[in-house]
Amino acid sequence: MQSVLDGEGLETVDGILLDLGLSSMQVDDPDRGFSFRSDGPLDMRMGPDATQKAEEIVNTETEQELARIIFRYGDERWARRIAHFIVEARERRPLQTTRELSKVVEDAVPVSARRGRKHPARKTFQALRVAVNNELEDLREGIIAGVERLAPSGRIVVLSYQSHEDRIVKRTFNSLAGGLDYPPGGPLESLPVLEVLTRRPMRASEKEIEDNPRARSAKLRAAERRAG
């Protein structure tokens with residue numbers, strides 16, 4: 001973010017909007033490996049700078065670490081069971097495609113738990129994507145970097161679509177509003193730099209959800225840079 005602003009010759013900006021939603025074009029491209037509904041390589045990298053593919057995580061991490069990733073980044077209640085099934089499957093042969101992994105996860109989730117749920121592999125695929133791309137750590141760093149370039153009274157608005165993303169936004173806003181962890185690497189206590197404008201996240205109206213069903217999961221939080 002800072003390199004883009006520097007390239008445009010901008011020292012500060014009055015507003016920043018971070019939309020954390022995925023591009024449908026990325027999700028729908030089987031070659032990117034994001035989709036559990038179509039077959040493709042277990043990739044899931046957002047860009048070439050990612051240090052590893054999902055295939056490497058699935059086939060090399062310990063069962064304990066896989067369970068941690070799936071639970072922390074996917075909020076998946078069956079994380080331990082899924083991790084166990086993955087390890088058993090890869091012992092027979094490495095998992096290389098999205099369809100192979102999707103089938104393993106589907107088999108791991110008990111039939112009784114699938115009723116009324118979305119696809120059983122949805123949360124596991126989400127968790128692996130987050131881990132591959134270091135999304136939560138980058139989100140926090142991105143918010144802090146954006147706040148550094150906000151002009152006094154400038155506002156930062158973040159749209160998140162997953163509970164783990166929203167928690168990061170809330171905690172980072174509150175930390176900066178309390179004078180903690182700012183500037184990065186500096187003292188743990190300094191003057192507050194933000195005023196949080198949304199104590200609770202704003203949600204889409206029923207009319208907006210009717211027009212755009214994907215807005216149902218969106219949560220909006222906003223904060224303002226303190227003057228002086």
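Among the numbered criteria (1) part of a helix (DSSP H, G or I); (2) in contact with a Lys or Arg (Cβ under 9 Å, 6 or more places away or on another chain); (3) among the hydrophobic types (A, V, I, L, M, F, W, C), which single criterion is violated by Val158?
(1)
Give segment 130-163 a look and list any residue that's modelled with pLDDT of 90 or more and within 20 Å of Arg80 (Cβ to Cβ), or say none.
Passing the criteria: Val130, Ala131.
Return the pairs, sorted by first residue and then second, in which the second residue is part of a helix (DSSP H, G or I) and of a type in the set (Lys, Arg), the first residue lies in segment 67-89 and is in the same structural domain as Ala121 (by TED's automatic domain parsing) and closer than 17 Å to His119 by Cα, the beta carbons are less than 8 Å apart, and the residues are 6+ apart or on different chains.
Ile70/Lys123; Phe71/Arg80; Gly74/Lys123; Asp75/Lys123; Glu76/Lys123; Ala79/Arg68
Could you list, ordered by first residue, the pairs with Cβ atoms under 7 Å in which the first is in segment 105-123 and surrounded by 16 or more Cβ atoms within 10 Å (Cβ to Cβ) and the second is at pLDDT below 80, at least 6 apart or interchain?
Pro120/Arg114
Scan segment 77-96 and give yes if some residue there is farther than 26 Å from Leu159 by Cα, modelled with pLDDT under 95, over 20 Å from the mean Cα position of the chain (by Cα) and acidic (Asp, Glu), otherwise no.
no
Quick check on Thr124: is it farther than 19 Å from Arg77 by Cβ, among the β-branched types (Val, Ile, Thr) and in the same structural domain as Glu63 (by TED's automatic domain parsing)?
no
Given the conditions (1) surrounded by 13 or more Cβ atoms within 10 Å (Cβ to Cβ); (2) in a helix (DSSP H, G or I), and given that Met25 satisfies all but one, which numbered condition is not satisfied?
For Met25, the exception is condition (1).
Looking at Arg37, is it in a loop (DSSP other than H, G, I, E, B), at pLDDT 90 or above and not assigned by TED's automatic domain parsing to the domain that holds Glu141?
Against the criterion (in a loop (DSSP other than H, G, I, E, B), at pLDDT 90 or above and not assigned by TED's automatic domain parsing to the domain that holds Glu141), Arg37 does not qualify.
Take segment 189-228 and flag every residue that is modelled with pLDDT under 80, touching a Gly at 6+ places or on another chain (Cβ under 9 Å) and either surrounded by fewer than 14 Cβ atoms within 10 Å (Cβ to Cβ) or closer than 17 Å to Gly142 by Cα (or both).
Listed by number, the residues that qualify are Glu189, Leu191.
Just checking, which of Leu128, Leu139 is assigned to a helix (DSSP H, G or I) and buried (at least 22 other Cβ atoms within 10 Å of the Cβ)?
Of the residues listed, the single one that is assigned to a helix (DSSP H, G or I) and buried (at least 22 other Cβ atoms within 10 Å of the Cβ) is Leu128.
The values are calculated or read from the model by the stated rules, or taken from the named source; none is laboratory data. These figures come from a predicted structure and were not determined experimentally. Glycine gets a Cβ as well: all are built from the backbone with ideal geometry, and neighbour counts include every protein chain shown.
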